[in-house]
Amino acid sequence: MTSSEDALAHSTSDASLARSKARSAEIDLAIDEDPTRFRILTGDRPTGHLHLGHYFGTLRNRVLLQNRGVETWVLVADYQVITDRDGVGPIRERVLGLIADYIAAGIDPERSTIFNHSAVPALNQLMLPFLSLVTESELHRNPTVKAELEATNGRAMTGLMLTYPVHQAADILFCKANLVPVGQDQLPHLEQARLIAQRFDKRYGRANPEVPVFRRPEALLSEVPLLLGTDGMKMSKSRGNTIELGMTADETAKILKKAKTDAERTITYDPANRPEVANLLMLGCLASGQAPEAIAEQIGDKGAGTLKMFVTEALNEMLAPLREKRSELINNEDYLLQVLQLGNEKANEQANETLHEVRTAMKMNY
Ligand code: TRP
């Protein structure tokens, strides 16, 4: 293995993870000093509706970063939908729903750029030179691609699935983002994006190496509580164990009423031995701001039914303004489309400029 291959394979090792965490803490301080040094790119695949896992895992954090003054670009990753399925599904409804979720959660289209893959040709074109900078075996070794492939139950890997980390590098590099808020599972992709940026500049770099064509993006790891689904299993839309942001208060109550708990009546916070009860307490904590232990104490021997009622009320109260805004937005398709169009105009301007720089560096500007 060469050293660059090592970097990718080990980007999830303990030592590397510890480094990424320490670096994230430094970046957090640097944001307070000068948020304008950073540009963030994040995104989601429009494969379903956003749920609480997305909200507490990333969306809430993006809004905080935006509000701290970091320029934020949010990608609706529509070409990434077809990495692992036959066809796009009800894509239009999902894309509009995603934009409504973003805005309802606090992404401000006046300050942030919301755009989608398929409307930005120059972004996608970067995939060609980028593919020439990675090897096939490197792609096959990407631990996240491997894990995602396993989750598709023996489905044959598509070329797009194998190469989506390269496409994702184009997402990040085209807009000159230097910060990508990610979960741990996305660290190999970020390493891949950094390698591509380095290799491009090494191979085609400008006469003045002080001015690389691409910035070197860094991960911003946030402390994300591991939330399980209401059945105690990994939260996933296909298991029907999630609470979607756009659900009504009644639907939320219904799902929580059915949530799995255990036989013990007295509520205690014990994640190792009572994962389902601990998960409800964690949801209650995230929604109410009270510590899970404090909620457990308050409920004590009143049992799981009372706990579920507490969590339902806390969540519904926290989500009420977001849901109200979301339903207004969903009924205003023209507005959502206009937000996307403006975002895409800005993304195209940036992508065309970056592609021009790339073609110039590659001496392909005839
Ligand atoms: N893979 C991400 C997801 O499934 C979405 C995504 C696409 C993304 N391109 C990105 C995230 C670039 C961060 C950076 O949610």
Quiz prompt | Nearest-0.05 FRET efficiency for residue 366 and residue 184, computed from C-beta distance (R0 35 Å) | solution = 0.20
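Whenever you get a sec, line up 335, 366, 204, 102 from highest to lowest accessible area (probe 1.4 Å, protein heavy atoms). Walk me through the numbers before you get to the answer.
Values: 335 80, 366 220, 204 55, 102 0 Å².
Accessible-area ranking of 335, 366, 204, 102, largest first: 366, 335, 204, 102.
Given R₀ = 45 Å, what would the calculated FRET efficiency be for residue 231 paired with residue 37, taking r from the Cβ atoms and rounding to 0.05? Numbers along the way, then the final one.
On the way: r = 43 Å, r/R0 = 0.96.
My answer for the efficiency is 0.55.
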Quiz item: How big is the C-alpha Rg of the chain next to the rule-of-thumb value 2.2 N^0.38 Å, as a ratio?
Solution: 1.05
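How many percent of the accessible area of the chain is carbon or sulfur, using a 1.4 Å probe?
Working: 9140 of 17660 Å².
On the chain, the fraction of accessible area on carbon and sulfur atoms equals 52 percent.
If each DSSP helix of 4+ residues adds -39,500 (n - 2.57) and the sum is divided by the residues in the chain, what number results at 222 nm, nearest 500 deg cm²/dmol?
Numbers: 15 runs with 196 residues, N = 366.
Calculated mean residue ellipticity at 222 nm is -17000 deg cm²/dmol.
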Quiz item: In nanometres, what is the gap between the two model label sites at residue 140 and residue 272, each 7 Å from Cα along Cα-to-Cβ?
Solution: 4.1
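Stretched out fully, how many nm does the piece from residue 224 to residue 356 gain, at 0.36 nm a residue minus the Cα gap? Please list the in-between numbers first.
Working: separation 132, 0.36 × 132 = 47.52 nm, distance 3.83 nm.
Extra length available between residue 224 and residue 356 comes to 43.7 nm.
To one decimal place, what orientation-averaged projected area in nm² is obtained for the convex hull of the Cα set of the range 141-250? Each step should come with its number before you reach the end.
Values: hull surface 39.0 nm².
Averaged projected area of the range 141-250's Cα convex hull equals 9.8 nm².
Report, as a whole number in µm² per second, the diffusion coefficient that Stokes-Einstein gives for the range 282-344 at 4 °C and 1.567 mPa s using the Kirkwood radius over alpha carbon pairs. Present the calculation step by step, with values, prior to reporting the outcome.
On the way: Rh = 14.0 Å.
Diffusion coefficient, whole number: 93 µm²/s.
Semi-axes of the range 237-331's equivalent ellipsoid from the Cα gyration tensor, sqrt of 5 times each eigenvalue, largest first, rounded to whole Å?
They are 25, 14, 11 Å, listed largest first.
Which order do peptides 138-146, 17-25, 306-314, 151-159 fall in by mean Cβ count within 10 Å, highest first?
306-314, 138-146, 17-25, 151-159
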Exercise. Find the relative contact order for the chain and round it to a whole percent, using C-alpha pairs within less than 8 Å whose residues are 6+ positions apart.
Key: 21
Quiz prompt | Accessible area expressed per residue, the chain, with surrounding protein chains retained (probe 1.4 Å, Å²) | solution = 48
Self-check item: Neighbour net charge for residue 173 - beta-carbon separation under 10 angstrom, K R +1, D E -1
Solution: +3
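Quick one: net charge around residue 188, please, counting Lys, Arg +1 and Asp, Glu -1 for every other residue with C-beta under 10 Å from its C-beta. The partial results should precede the final answer.
Details: positive: 141, 146; negative: 185, 191.
Counting the neighbours of residue 188, the net charge comes to 0.
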Exercise. Treat each spin label as a single point 7 Å out from the Cα along the C-beta direction, and report the residue 64 to residue 257 distance in nm.
Key: 3.4
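Given all pairs of different Cα atoms, what value in angstroms does the Kirkwood hydrodynamic radius of the range 143-197 take? Numbers along the way, then the final one.
On the way: mean 1/r = 0.0837 Å⁻¹.
Final number for the Kirkwood radius of the range 143-197 is 11.9 Å.
The values are calculated or read from the model by the stated rules, or taken from the named source; none is laboratory data. Model, not experiment: these values are computed from the prediction. So basically every Cβ, Gly included, is an ideal-geometry build from the backbone, and we count neighbours across all protein chains shown. Ligands, DNA and RNA are stripped out before the accessible areas are found, and what is left, the full protein with its side chains, is counted by its heavy atoms. Shrake-Rupley method; radii C 1.70, N 1.55, O 1.52, S 1.80 Å.
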